[in-house]
1. Any residue in the range A:149-170 that is within 26 Å of residue B:106 (Cα to Cα) and of a type in the set (Asp, Glu)?
2. Take residue A:9 and decide whether it is loosely packed, with under 13 Cβ neighbours inside 10 Å and in contact with a helix residue (DSSP H, G or I) (Cβ under 8 Å, 6 or more places away or on another chain).
3. Of the numbered conditions (1) of a type in the set (S, T, N, Q); (2) crowded, with 16+ Cβ neighbours inside 10 Å; (3) closer than 28 Å to residue A:179 by Cα; (4) assigned by TED's automatic domain parsing to the domain that holds residue A:186, residue A:101 satisfies every one except a single condition; which is it?
4. Can you tell me how many residues in the range B:17-33 are within 12 Å of DNA strand D (Cβ to nearest atom) and buried (at least 18 other Cβ atoms within 10 Å of the Cβ)?
5. Got at least one residue in the range A:1-16 being out of contact with any Leu (no Cβ under 8 Å at 6 or more places or on another chain), within 14 Å of chain B (Cβ to nearest Cβ) and within 21 Å of residue A:109 (Cβ to Cβ)?
6. Is one or more of the residues making up the range B:147-155 out of contact with any Cys (no Cβ under 6 Å at 6 or more places or on another chain), assigned by TED's automatic domain parsing to the domain that holds residue B:62 and within 16 Å of residue A:168 (Cβ to Cβ)?
Number of protein chains: 2
Amino acid sequence: MARPRTFDEGAVLDAARERFWTSGYAGTSMDAVAAATGLGKGSLYGAFGGKHELFLRIFDAYCTDVADRVIDALTGPDDGAYDRLCVHIRAAAAGIAADRSHRGCLLAKSAAELSEHDPDVTLRARQTLERITSALADDIRAAQRHGDLDSSADAEQLALLVLAVLRGTEALGKAGMDDDQLASVAETAIALLPRTE
Amino acid sequence: MARPRTFDEGAVLDAARERFWTSGYAGTSMDAVAAATGLGKGSLYGAFGGKHELFLRIFDAYCTDVADRVIDALTGPDDGAYDRLCVHIRAAAAGIAADRSHRGCLLAKSAAELSEHDPDVTLRARQTLERITSALADDIRAAQRHGDLDSSADAEQLALLVLAVLRGTEALGKAGMDDDQLASVAETAIALLPRTE
DNA sequence: CCCGTTGTTGACGGATCGGTCCATAACTCG
DNA sequence: CGAGTTATGGACCGATCCGTCAACAACGGG
């Protein structure tokens, strides 16, 4: 009944995310987004509302995606739970070390820039970290059931600590720490996990 | 021989730091800095050069200050080393929890925003974290000498892990985690430190 | 007491900001 | 093939961006 869109919404959101990711929220202009996506500004505003709505939409999708991936990586049978945890911690550190541009994680970057003034961002960031904590705790409980981790340890608290180590590794990477230092953090964290007596 | 300055450089830098800290680098205009400091823009540019130079000057001082404070808190006789470490970890978590505005640490915020594009910021951030790591490692070695921490553990690696936990706690705080969750991270980290057998 | 030097101020410039608007295009339905 | 509806692209808006500049102010040396 009306003129159809000529752009792929997903591709536009991808291109816009790259811009926000690289230059931050305040550092990215809507003109730059328009140029990166190929859309005119009218289309951009018509389709997404405005800078803040567009960013929130992108941020939301990113958060969901990140948490989904972690949950996926940590879910499985009890007898692989401990291995999955170790692999995940090592992979996170390796991924951060491989990011030589120090672009880091969009969640962390956005939370750092915006959480003071933007409750929407804070809320989504917290919910995402809670989903990740939950997945970590589930996996830790599985490892405890299977006898790999000390079952007297509090799985929730251990999950929070692992999350802090993961986010801390990210922060260290952004500050330019060496690859082997990042790997060392992962190994030390794994070594300190309370194994079965 | 020439007209003397009428402003206190330290006070101007303090006011400017507050603006950058609150709104980020890209989000802070030089007009805003001028308004916050009370200086005209001409004086601002005349005295500090430009936005980037001004920020680097502020960032430098902040980094030095943060590292100095940590070093001070962790330095002392061997028989208090373990206590100093625990107190510092708890105090860091408590400090982050007390920061209800989620403003966080200027070092972390600036590194997140700028380290991708600004090697000066990355360099200073890394040097600061290295000073802190060094202080942590020294304190850990002191605690090992005094018999509080397992002397078979690698102090440098342990220091890196503690630093990751500290920076991770900061990231969790910025994402709006509860106070007791932050405290839990600190306690769990302390509990997992390898005590003497 | 005047001159050279430096600090101060706010107006100014060209570029860019987020956002709006309108002429035009592309589509469906009658 | 109109009529109605939505998409498109870019000109345009007032505000703001970073940085400059010129007029003026305050000092010390001669």
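The values are calculated or read from the model by the stated rules, or taken from the named source; none is laboratory data. Just so you know, these numbers come straight off a predicted model, no measurement behind them. Every residue, glycine among them, receives a Cβ derived from its backbone with ideal geometry; neighbour counts consider all protein chains shown.
1. Let us first name the residues in the range A:149-170 that are within 26 Å of residue B:106 (Cα to Cα), namely A:160-170.
Next, from what is left, pick out any that are of a type in the set (Asp, Glu): A:170.
Checked against the condition, which is being within 26 Å of residue B:106 (Cα to Cα) and of a type in the set (Asp, Glu), the range A:149-170 yields at least one hit.
2. Numbers: loosely packed, with under 13 Cβ neighbours inside 10 Å: yes; in contact with a helix residue (DSSP H, G or I) (Cβ under 8 Å, 6 or more places away or on another chain): yes.
Yes.
3. Result: residue A:101 passes all but (2).
4. We begin by selecting, within the range B:17-33, every residue within 12 Å of DNA strand D (Cβ to nearest atom); these are B:19-20, B:23-33.
From what is left, the residues that are buried (at least 18 other Cβ atoms within 10 Å of the Cβ) are B:19-20, B:24-25, B:27-28, B:33.
Residues meeting the conditions: 7.
5. Looking through the range A:1-16, none of the residues is out of contact with any Leu (no Cβ under 8 Å at 6 or more places or on another chain), within 14 Å of chain B (Cβ to nearest Cβ) and within 21 Å of residue A:109 (Cβ to Cβ).
6. Filtering the range B:147-155 for residues out of contact with any Cys (no Cβ under 6 Å at 6 or more places or on another chain) gives B:147-155.
Those left that are additionally assigned by TED's automatic domain parsing to the domain that holds residue B:62: B:147-155.
Next, only the ones that are within 16 Å of residue A:168 (Cβ to Cβ) stay: none.
Taking every residue of the range B:147-155 in turn, none turns out to be out of contact with any Cys (no Cβ under 6 Å at 6 or more places or on another chain), assigned by TED's automatic domain parsing to the domain that holds residue B:62 and within 16 Å of residue A:168 (Cβ to Cβ).
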